1. Tell me, what ³J(HN,Hα) does each residue in the range 207-212 have, in order and in whole Hz, if you take phi through Karplus 6.51 cos²θ - 1.76 cosθ + 1.60 with θ = phi - 60° and put x for Gly and Pro?
2. Whole-Å semi-axes of the range 114-235's equivalent ellipsoid, largest first, each the root of 5 times a Cα gyration tensor eigenvalue?
3. Taking θ = phi - 60°, what integer Hz values does the Karplus form 6.51 cos²θ - 1.76 cosθ + 1.60 yield along the range 242-253, in sequence order, with x for Gly and Pro?
4. Which whole-angstrom value gives the distance between the alpha carbon centres of the range 135-149 and the range 1-19?
5. How would you order 209-216, 298-305, 163-170 from highest to lowest mean count of nearby Cβ atoms within 10 Å?
6. Only four residue types carry charge here, +1 at the Cβ of Lys and Arg and -1 at the Cβ of Asp and Glu. Report the dipole size of the range 1-103 about the Cα centre in Debye, rounded to the nearest 20.
7. Expressed as cubic angstrom per residue, what is the convex hull volume of the alpha carbon set of the range 28-89?
8. Given the convex hull over the Cα atoms of the range 204-307, what projected area results after averaging over all orientations, in nm²?
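Computed from the coordinates by the stated procedures, all read-outs in this text should not be read as laboratory data. On a predicted model such as this, the values are computed, not experimentally measured, just so you know. Here the Cβ positions follow ideal geometry from the backbone for every residue, glycine too, while neighbour counts run over all protein chains shown.
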Amino acid sequence: MEKLPYLGQTLTRWQVGNSTFLALPERGARLMNWHLALGDGSVRDILYWPEDADFNAFKSVRGGNPILFPFNARTYDAGEIGYWRDPAGVRRIMPMHGIARQGEFKVTRLDARGFTAVLVPSEEAKEAYPFNYEFSVAYRFSELGLACELTLRNLDTQPIPWSAGHHFYFTVPWAEGLSRSDYIIRIPATRTLRHDFETGKLIPGPAIKPEERLDNPALVDTLHLGLKSNTVTFGPAAGAGKITLRHGTAAVPAPEAALVTWSEAPESPFYCVEPWMGPPNAPENKIGLHWVQPGQAQSFVVEIAVK
């Protein structure tokens, strides 16, 4: 583990076996890049990070793993985007993807295998999410993988709602001479939904087979629910190096747990496979909304490995 100056920032770098991890824990608890040294001397990027990233617009950089908290994607109140109604009935502003990815974090653990960071809510964050709580992000790195645990601890006297998630930007394609059409994703979902950006409601999604090629445009912006297993895999149709993602610790996730597939454009150098606790607009749709009781804590754990 070492500190590394980069574009006016001080990053932390971990070397664990052939894997290298780069993070800026103090800003959004953001894991920025994960790359792997291969036996032939080449390097494979697992998590994509753009070389020209603008740190003045850090929350919007398309790369790494932005943390989505307390709610995923867009929230609405009575059909108006950017708001939600708290349990007391008060209408409040809620930024896209919540308050964590642009938030300041305090590092409480920094060791040879990862870090733990706790959100320090700004005044704007306190207004958007008016509870007494502790939200932490804990990473554990291994030679060919990682685990990330999101934990919400309720320090309040009332139940606290949340539905958090991850926005992993995976480098695709990662092998020379291949394109998205050469990559297959296997998602054990039993139903799909889409998010209506006009109203905030959830609507029926496209028909998706258990095994699809990543160039299928129907995958973009699709919510996969009713997962029969917590394991999703994707990679070239043949050969080693596939990525395995485990959604939660239960062998079968809760029925409302969501796996999102998304990319900005067909030619983007990344593809996002995103494990969420529930679909977008959870406070209004009441689907995938979780409650932490006073004095209690809940965690959401995701594991990723290269096979």
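1. Rounded to whole hertz, the list is 6, 10, 6, x, 10, 9.
2. Details: eigenvalues 210, 95, 38 Å².
Semi-axes, largest first: 32, 22, 14 Å.
3. The phi angles translate into 5, 9, 10, 10, 10, 9, x, 9, 7, 4, 10, x Hz.
4. 16
5. Details: 209-216: 15.0, 298-305: 19.1, 163-170: 26.2.
Ranking the peptides 209-216, 298-305, 163-170 by packing returns 163-170, 298-305, 209-216.
6. On the way: 12 positive and 10 negative charges, 68 e Å.
For the range 1-103, the charge dipole is close to 320 debye.
7. Working: hull volume 7.7 nm³, N = 62.
Here the figure is 125 Å³ per residue.
8. Values: hull surface 32.3 nm².
For the range 204-307, averaging the hull's shadow over all directions gives 8.1 nm².
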